[in-house]
Amino acid sequence: MFDLGIKNGNVFSGKDNLGKTNIYVNNGKIVKISKENLEVRQEIDAKDMFVMPGLIDSHIHLSGIKGGSLLKIMFEKPEYRILRASKWLEKLLLAGFTTVRDCGDPISISLAKGVKDGIIIGPNIIAAGRPITQTFGHGEISHDIPLEFSEVLGFSEICDGVESCIHSARKVLREGSDFIKIFATGGVLSQRDRPENPQLTYEEIKSIVNEAEKIGTYVAAHAHGDKGARIAIEAGIKTLEHGTMLKDDTMKLMIEKDVSLTPTLTIQEVIYKYGKQIGVDEWGLEKITEVRNSISSVVKKAKEYGIRIITGTDLGFETGLSDIDIGKNWVELTLLVERGGLTPKEALQAATYNSALSLRINSGLIDTDRNADIIIIDGDPEENISDIAKIDHVIKNGNIIVEKGKIINYS
Ligand SMILES: [Zn+2]
């Protein structure tokens, strides 16, 4: 007898379509995939539905702020931000996300623990905690406030020089980071640096990578410009975030070094289309067009080269918009198809198997011994990617959390 059976669905494994089959779950794990109709304690009839692994957002910021000005991260009370972010976690579950990777926010470590300990509900969270930046780096956000304020406000950990970077890496790991996030170039939403400027040196990044690897984890690098991206890849980072200006040689190096790409099309789209309306700081509006335009061809090339592409929205604030907001994070999949030239199947792979592989987690695939993180969709996103929004059931660790689009299990 099995705990749960999901029967008669059209099953996409995370890699391929398995056709109409049944999935059996015991103790939170998938234990059998079979066309046989076996006895179960709890059954979901998924006839005419699409069954697939739970979605993964590999780049989010659980900052809990409203509106597009990142400065609120530093000037709004963390306690209040946590309350808002915990509401986001419910929205993410309803949107079919069973795992998210927070790519930098101090509060994400407590949120991750809260979910793990069953205090709040939400997707599993893999948390970077505080990201690492150089002085006058992207992670400072504002470059006009006195440097001491940046240090005290503590959004990022600031390091300069190898010794200092080793210390910073050890500090954030001690704080509970699951992996280390660094800023290897300037960015859009930071005040006075440029996306094409490299940040941190090869030696600095290498020293951070060493510290991460010593405890069995890895480094994710924010990089827009090709030069900074290349330095980070050579220094051993494992996921490249944004990659908006990558050149051919660097992409080839990514294949050689097994580095994944998170194109984060969602954030670029939201700032490009609605930046002013949602209060993005002036400097962000000035820099967005270039990166938003170049990423489209980078994704197409990355696909051609066979780089592992993964889904990350980079949403870090509530927009209040009807089409792109927290809880609509599947928009990244539709953008990968519309702007990046992926097929719907490739977008589904990016959000499941590819992301799980890059994040080193045991989900993202319908296979025996994998975590039973499964979603059921009232549509066929392999045919029409926008059907990904039609989430009917969400199963996390073998428990039914969402049924007919409503949360039914808060325990
Ligand atoms: Zn980000």
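Modelled with pLDDT of 95 or more, outside any strand (DSSP E or B) and closer than 27 Å to Arg192 by Cα - does that describe any residue in the stretch 279-291?
Of the residues in the stretch 279-291, the ones modelled with pLDDT of 95 or more are none.
No, every residue in the stretch 279-291 fails to be modelled with pLDDT of 95 or more, outside any strand (DSSP E or B) and closer than 27 Å to Arg192 by Cα.
Could you check how many residues of the stretch 326-359 are acidic (Asp, Glu) and crowded, with 22+ Cβ neighbours inside 10 Å?
Number of matching residues: 1.
Within the stretch 307-324, track down each residue that is within 16 Å of the ligand (Cβ to nearest atom) and in a loop (DSSP other than H, G, I, E, B).
Ile310, Thr311, Gly312, Thr313, Asp314, Leu315, Gly316, Phe317, Thr319, Ile324
Search the stretch 222-241 for residues that are assigned by TED's automatic domain parsing to the domain that holds Gly186 and part of a loop (DSSP other than H, G, I, E, B) and pair each with any residue that is among the β-branched types (Val, Ile, Thr) and within 12 Å of the ligand (Cβ to nearest atom) when their beta-carbon atoms are under 9 Å apart and the residues are at least 6 apart or on different chains.
Pairs found: His224/Val188; Ile237/Ile182.
For the stretch 152-181, name all the residues that are out of contact with any Gly (no Cβ under 9 Å at 6 or more places or on another chain) and at positive phi.
Gly154, Gly161
Assess whether Asp380 counts as being in a loop (DSSP other than H, G, I, E, B), on the phi > 0 side of the Ramachandran plot, among the acidic types (Asp, Glu) and open to solvent by 10 Å² or more (accessible area, probe 1.4 Å).
No, not satisfied.
Filter the stretch 104-120 for residues that are under 18 Å from the mean Cα position of the chain (by Cα) and of a type in the set (A, V, I, L, M); which is farthest from Ser355 (Cα to Cα)?
Ile107
Which of the residues that make up the stretch 344-365 are touching a helix residue (DSSP H, G or I) at 6+ places or on another chain (Cβ under 9 Å), in contact (Cβ under 8 Å) with a residue 40 or more places away in the chain, outside any helix (DSSP H, G or I) and not small (Gly, Ala, Ser)?
Answer for the stretch 344-365, where residues must be touching a helix residue (DSSP H, G or I) at 6+ places or on another chain (Cβ under 9 Å), in contact (Cβ under 8 Å) with a residue 40 or more places away in the chain, outside any helix (DSSP H, G or I) and not small (Gly, Ala, Ser): Ile361, Leu365.
Can you tell me how many residues in the stretch 253-266 are open to solvent by 10 Å² or more (accessible area, probe 1.4 Å) and within 13 Å of His224 (Cα to Cα)?
Result for the stretch 253-266: 0.
Considering only the stretch 28-73, state which residues are surrounded by fewer than 24 Cβ atoms within 10 Å (Cβ to Cβ) and of a type in the set (Asp, Glu).
Passing the criteria: Glu36, Glu39, Glu43, Asp45, Asp48.
Have a look at Glu211, Glu282, Glu269, Glu241 and point out the one that is away from the ligand (no atom under 16 Å from the Cβ) and either open to solvent by less than 20 Å² (accessible area, probe 1.4 Å) or of a type in the set (Lys, Arg) (or both).
Unique residue meeting the criteria: Glu211.
Being more than 15 Å from the ligand (Cβ to nearest atom), open to solvent by 10 Å² or more (accessible area, probe 1.4 Å), touching a Ser or Thr at 6+ places or on another chain (Cβ under 7 Å) and within 29 Å of Glu282 (Cα to Cα) narrows it down to one of Ile145, Ile82, so name that one.
Ile82
Before we move on, is Thr289 within 16 Å of the ligand (Cβ to nearest atom) and hydroxyl-bearing (Ser, Thr, Tyr)?
no
What is the number of the single condition among (1) in contact with a Pro (Cβ under 8 Å, 6 or more places away or on another chain); (2) under 16 Å from Thr311 (Cβ atoms); (3) of a type outside the set (Val, Ile, Thr) that Glu383 does not meet?
Of everything listed in (1) in contact with a Pro (Cβ under 8 Å, 6 or more places away or on another chain); (2) under 16 Å from Thr311 (Cβ atoms); (3) of a type outside the set (Val, Ile, Thr), Glu383 misses just condition (2).
Among the residues of the stretch 118-125, is there at least one that is closer than 24 Å to His393 by Cβ, of a type in the set (Val, Ile, Thr), within 16 Å of the ligand (Cβ to nearest atom) and crowded, with 21+ Cβ neighbours inside 10 Å?
So far as the stretch 118-125 goes, yes, one or more of its residues are closer than 24 Å to His393 by Cβ, of a type in the set (Val, Ile, Thr), within 16 Å of the ligand (Cβ to nearest atom) and crowded, with 21+ Cβ neighbours inside 10 Å.
Tally up the residues in the stretch 360-377 that are crowded, with 23+ Cβ neighbours inside 10 Å, among the β-branched types (Val, Ile, Thr) and under 18 Å from the mean Cα position of the chain (by Cα), please.
2
Test of understanding: among Thr311, Thr289, which residue is in the same structural domain as Gly243 (by TED's automatic domain parsing), touching a helix residue (DSSP H, G or I) at 6+ places or on another chain (Cβ under 7 Å) and free of Cβ contacts under 8 Å to residues at least 24 places away in the same chain?
Just a single option satisfies the conditions, and that option is Thr289.
What residue, among those in the stretch 159-198 that are of a type in the set (Val, Ile, Thr) and open to solvent by less than 30 Å² (accessible area, probe 1.4 Å), is farthest from Ile271 (Cα to Cα)?
Val172
List pairs: first residue in the stretch 101-119 and without any contact (Cβ under 8 Å) to a residue 40 or more places away in the chain, second residue part of a loop (DSSP other than H, G, I, E, B) and more than 14 Å from the ligand (Cβ to nearest atom) anywhere in the structure, Cβ distance under 8 angstrom, at least six positions apart or on different chains.
Gly114/Ile120; Gly114/Gly122; Val115/Ile121; Val115/Gly122; Val115/Pro123
The values are calculated or read from the model by the stated rules, or taken from the named source; none is laboratory data. Treat the numbers as computed from the prediction; the structure is a model and nothing was measured. Neighbour counts run over all protein chains shown; Cβ positions are idealised from the backbone, glycine included. Side chains are part of the model used for accessible areas, which takes the heavy atoms of the whole protein and leaves out ligands, DNA and RNA. Shrake-Rupley method; radii C 1.70, N 1.55, O 1.52, S 1.80 Å.
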